[in-house]
Amino acid sequence: MCGIVGYVGDREAQDILLGGLRRLEYRGYDSAGIVTVDVEGEPSLFRAKGKVAELEKAMKDKPDRVGIGHTRWATHGEPSEVNAHPQRVGDVYVVHNGIIENYKELKSELKAYDFKSQTDTEVLAALIDSLYQRSDVKLENAVVQALKLVRGAYGIAVISTREPGTIVAARMGSPLIVGVADDETLIASDASALVGHTDKAIYLNDGEVAVCTAGDVRMLDLASQPVSAKVETIEIDLQSMQKGGFDHYLMKEIFDQPDSLRATLNGRVIKDQDLLRLGGLNMSDDELRKVKNVFIVACGTASYAGLLASYYIERFTDDVTVRVEVASELRYRSFNVPENSIAIFVSQSGETADTLACLKEMKRRGVRCLGVVNAVGSSIAREVDGGVYVHAGAEVSVASTKAFTSQVAALLLIGLVMAQTKGLDQKTLREYIAELDVLPDEIAKTLEAKNDEAKALAEKYNHYDHAFYIGRDTTFPVALEGALKLKETSYVHVEGQPAGELKHGSIALIDDRFFMVAFVDDNWLVEKSLSNVIEVQARGGHIITVTNSDRPIDTEAVITVDTSLKLLTPLLFNVVSQLFAYYMAVARGNDVDQPRNLAKSVTVE
Ligand code: F6R
């Protein structure tokens, strides 16, 4: 989603801002812009529709030492140069992530202004300008006054030609970080844009305003009162941000999984002692033992990770009910939280607006909230009472892959630790620990063995525009996740369905325009799953079966995963379906890492 960068210091701002915007490209955007101001207050504004490379072409070199930049993912108004940020009104330039909900009301009151764009951001810029008319008003005061009138979510950076050398930044619901270094200050909506400049940063909290000058930051609240800021050390693994010899981040991240999963499990699964250790839950054994209900709240792929984990957690506990809730629904629904509930918020970015809103609601109701988060220092990680960082490393490709695998593993660990306090038998615990321990190697083996088959199948099936993905029990969430992965990378219309649900309606769709991917785990349900496959085959369906079974399966294609795993096979099927989605995207000529219309971090609802 949109990205913000800002720089004030003694180096040339343009290069630093462009470099920062390039680092934010992975978030997804459709236009970009930069404004810098020289010491006399003379601005240089450049904006372009499309990629940062287009912006760069449109720019003229200016040696200014202060500026702000933005990558925009359109919300109000189409992607275009005029709607790109920075938005200028009078002396004021604003870049903004988020949505100003009352922008129409505000706009109708700002009658003196002739608005040029369709953006809510221009309205905010006008509002600030209207409060900045008197020469004795400082930019920081105009910004604070304006923000008091605004409803909605924002991360903003503002500069003025009247006060060159100052950037005012503020946050409400949309992340913003101020990087501090000797003689220079940087602003970014995502820590990756600070890499190479500083590892010291202040994470703004909602309602905080940072007044930034070269090498200095002063923090205020919306009552203009000073607030103290904590400077933290940010950890960004630069290697995670590179393609490492692969053509696309997506492929690199699929192949990262053995290592990223090892990082999730490292120090937490101690196989030779049959021990699990989770430091950050901040819950006593007694508190864990009392848990009867678990809400897993997430969006998209993270919700499917939650759904898969829910099947396991209910398997190895007798008295725990797990409810998996899509955050955008839960947030506006009437729902009851029974006694002895905890809520787990699963998020790669840790910034997903709907998930964060549900977290705030659960906290308001006094529910114990845990996080399963990848991005260290993100909003969700900071708001929860405890939890597990998945440590999968930066995920750059918009389609989530390695985060999913690590999220499932982290949720299993939480579930197992809880089950242990409730008296889980040693044998079951040992089985899960043994499988988790070898899972990274099994994933490595599967990726190696199935890569060529997945590629060949994508070459054969890429002309289809419709597909079904089906599974049962723990392969049902894998079908949903596989369907989502194929949709977003290949723009194929795919439906994920429980295998047993097809004949309740959807099977009517099966014809030559469809292909189907069926996940068949060789467990107690294998015969039922195969019957569903045969039903579709009997109607002329083009079926790819992904299985670990050595039974004869007579579908159009079969991918057999050779594994010793019994419980966690769905995670191996999932990496096969990730490979297939990747090769389908390549075969269809799509933008693999930044699929159309999508953003990496969904910070608006
Ligand atoms: C799909 C995908 C999305 C995210 C969803 C939640 O590949 O990436 O469905 O899973 O937007 O994002 P996070 O995990 O950052 O909360």
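The values are calculated or read from the model by the stated rules, or taken from the named source; none is laboratory data. Predicted model, so just to flag it, every value in this text is computed and none were measured. Every residue, glycine among them, receives a Cβ derived from its backbone with ideal geometry; neighbour counts consider all protein chains shown. Heavy atoms of the whole protein, side chains included, go into the accessibility calculation; ligands, DNA and RNA do not. Shrake-Rupley method; radii C 1.70, N 1.55, O 1.52, S 1.80 Å.
Based on this model, can you work out whether residue 345 counts as closer than 29 Å to residue 189 by Cα, of a type in the set (Phe, Trp, Tyr) and either in contact (Cβ under 8 Å) with a residue 60 or more places away in the chain or surrounded by 16 or more Cβ atoms within 10 Å (Cβ to Cβ) (or both)?
Working: closer than 29 Å to residue 189 by Cα: yes; of a type in the set (Phe, Trp, Tyr): yes; either in contact (Cβ under 8 Å) with a residue 60 or more places away in the chain or surrounded by 16 or more Cβ atoms within 10 Å (Cβ to Cβ) (or both): yes.
Yes.
Report whether or not residue 379 is polar (S, T, N, Q) and either within 11 Å of the ligand (Cβ to nearest atom) or surrounded by 23 or more Cβ atoms within 10 Å (Cβ to Cβ) (or both). Walk me through it before giving the result.
Numbers: polar (S, T, N, Q): yes; either within 11 Å of the ligand (Cβ to nearest atom) or surrounded by 23 or more Cβ atoms within 10 Å (Cβ to Cβ) (or both): yes.
When the stated conditions are applied, residue 379 passes them.
Any idea which of 41, 69 is among the small types (Gly, Ala, Ser) and assigned to a loop (DSSP other than H, G, I, E, B)?
Numbers: 69 fails: assigned to a loop (DSSP other than H, G, I, E, B).
Answer to the selection: 41.
For the range 309-331, check the following and say yes or no: at least one residue is at pLDDT 95 or above, within 14 Å of the ligand (Cβ to nearest atom) and in a loop (DSSP other than H, G, I, E, B).
Within the range 309-331 (the criterion being at pLDDT 95 or above, within 14 Å of the ligand (Cβ to nearest atom) and in a loop (DSSP other than H, G, I, E, B)), the answer is yes, since at least one residue qualifies.
Take the residues of the range 357-376 that are closer than 21 Å to residue 204 by Cβ and either open to solvent by 10 Å² or more (accessible area, probe 1.4 Å) or not assigned by TED's automatic domain parsing to the domain that holds residue 279 (or both): which is modelled with the lowest pLDDT?
376
Looking at 597, 574, 532, can you tell me which residue is modelled with pLDDT under 95 and touching a helix residue (DSSP H, G or I) at 6+ places or on another chain (Cβ under 6 Å)? Walk me through how you get there before you give the answer.
On the way: 597 fails: touching a helix residue (DSSP H, G or I) at 6+ places or on another chain (Cβ under 6 Å); 574 fails: modelled with pLDDT under 95.
Just a single option satisfies the conditions, and that option is 532.
What number of residues in the range 410-449 are within 16 Å of the ligand (Cβ to nearest atom) and either open to solvent by 10 Å² or more (accessible area, probe 1.4 Å) or farther than 19 Å from residue 310 by Cβ (or both)? Before you say what the answer is, go through the steps one by one.
First pass over the range 410-449, keeping only residues within 16 Å of the ligand (Cβ to nearest atom): 410-411.
Keeping just the survivors that are either open to solvent by 10 Å² or more (accessible area, probe 1.4 Å) or farther than 19 Å from residue 310 by Cβ (or both) gives none.
Qualifying residue count for the region: 0.
Do the conditions hold for residue 84, that is, is it surrounded by 24 or more Cβ atoms within 10 Å (Cβ to Cβ), among the hydrophobic types (A, V, I, L, M, F, W, C), within 28 Å of residue 488 (Cβ to Cβ) and out of contact with any helix residue (DSSP H, G or I) (no Cβ under 8 Å at 6 or more places or on another chain)?
On the way: surrounded by 24 or more Cβ atoms within 10 Å (Cβ to Cβ): yes; among the hydrophobic types (A, V, I, L, M, F, W, C): yes; within 28 Å of residue 488 (Cβ to Cβ): yes; out of contact with any helix residue (DSSP H, G or I) (no Cβ under 8 Å at 6 or more places or on another chain): yes.
It is true that residue 84 is surrounded by 24 or more Cβ atoms within 10 Å (Cβ to Cβ), among the hydrophobic types (A, V, I, L, M, F, W, C), within 28 Å of residue 488 (Cβ to Cβ) and out of contact with any helix residue (DSSP H, G or I) (no Cβ under 8 Å at 6 or more places or on another chain).
Just to check your reading of the model, which residue among 74, 13, 53 is under 30 Å from the mean Cα position of the chain (by Cα), more than 20 Å from residue 154 (Cβ to Cβ) and surrounded by fewer than 22 Cβ atoms within 10 Å (Cβ to Cβ)?
53
Quick check on my filter: what residues within the range 579-605 are within 16 Å of the ligand (Cβ to nearest atom) and not in a loop (DSSP other than H, G, I, E, B)? Working first, answer last.
Step one: list which residues in the range 579-605 are within 16 Å of the ligand (Cβ to nearest atom), which gives 579-582, 584-585, 590-605.
Answer for the range 579-605, where residues must be within 16 Å of the ligand (Cβ to nearest atom) and not in a loop (DSSP other than H, G, I, E, B): 579, 580, 581, 582, 584, 585.
I want to confirm something. Restricting to the range 460-508 and keeping residues that are without any contact (Cβ under 8 Å) to a residue 12 or more places away in the chain and within 18 Å of residue 589 (Cα to Cα), which single residue is farthest from the ligand (Cβ to nearest atom)? Reasoning before the result, please.
Step one: filter the range 460-508 for residues without any contact (Cβ under 8 Å) to a residue 12 or more places away in the chain, giving 463, 487, 501, 504-505, 508.
So of that shortlist, the ones also within 18 Å of residue 589 (Cα to Cα) come out as 463, 487.
Values: 463: 23, 487: 9 Å.
In this case the residue turns out to be 463.
How many residues are under 16 Å from residue 294 (Cβ atoms) and within 11 Å of the ligand (Cβ to nearest atom) when one looks only at the range 384-409? Spell out how you get there, then give the answer.
Narrowing the range 384-409 to residues under 16 Å from residue 294 (Cβ atoms): 384-388, 407-408.
Remaining after also requiring within 11 Å of the ligand (Cβ to nearest atom): 407.
The number of residues fulfilling the criteria is 1.
Residues that are more than 20 Å from residue 445 (Cβ to Cβ), at least 2 per element: which strands (runs of 3 or more DSSP E) completely within the range 465-578 meet that?
Values: elements: 466-471, 493-498, 514-520, 542-547, 557-560.
The strands (runs of 3 or more DSSP E) meeting that bar are 466-471, 493-498, 514-520, 542-547.
Please enumerate the residues belonging to the range 205-226 that are under 22 Å from residue 149 (Cα atoms), crowded, with 16+ Cβ neighbours inside 10 Å and at pLDDT 95 or above.
Result: 208, 209, 210, 211, 219, 220, 222.
Does residue 263 count as in contact (Cβ under 8 Å) with a residue 40 or more places away in the chain and within 16 Å of the ligand (Cβ to nearest atom)?
Numbers: in contact (Cβ under 8 Å) with a residue 40 or more places away in the chain: yes; within 16 Å of the ligand (Cβ to nearest atom): no.
Considered against the rule, which asks whether it is in contact (Cβ under 8 Å) with a residue 40 or more places away in the chain and within 16 Å of the ligand (Cβ to nearest atom), residue 263 comes out as no.
What number of residues in the range 382-395 are open to solvent by 10 Å² or more (accessible area, probe 1.4 Å), under 22 Å from residue 304 (Cβ atoms) and not in a strand (DSSP E or B)?
Within the range 382-395, residues that are open to solvent by 10 Å² or more (accessible area, probe 1.4 Å), under 22 Å from residue 304 (Cβ atoms) and not in a strand (DSSP E or B) number 4.
Results for (1) farther than 21 Å from residue 176 by Cα; (2) under 19 Å from the mean Cα position of the chain (by Cα), shown as yes or no for each residue.
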| site | (1), (2) |
| --- | --- |
| 362 | yes, no |
| 368 | yes, no |
| 371 | no, yes |
| 374 | no, yes |
| 378 | no, yes |
| 404 | yes, yes |
| 417 | yes, no |
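When the residues of the range 287-308 are narrowed to those that are more than 17 Å from residue 387 (Cα to Cα) and not hydroxyl-bearing (Ser, Thr, Tyr), which ends up nearest to the ligand (Cβ to nearest atom)? Working first, answer last.
If we filter the range 287-308 for residues that are more than 17 Å from residue 387 (Cα to Cα), which is where we start, we get 290, 292, 299-301, 304, 307-308.
From what is left, the residues that are not hydroxyl-bearing (Ser, Thr, Tyr) are 290, 292, 299-300, 307-308.
Details: 290: 28, 292: 26, 299: 4, 300: 2, 307: 12, 308: 13 Å.
Ranking the candidates gives 300 first.
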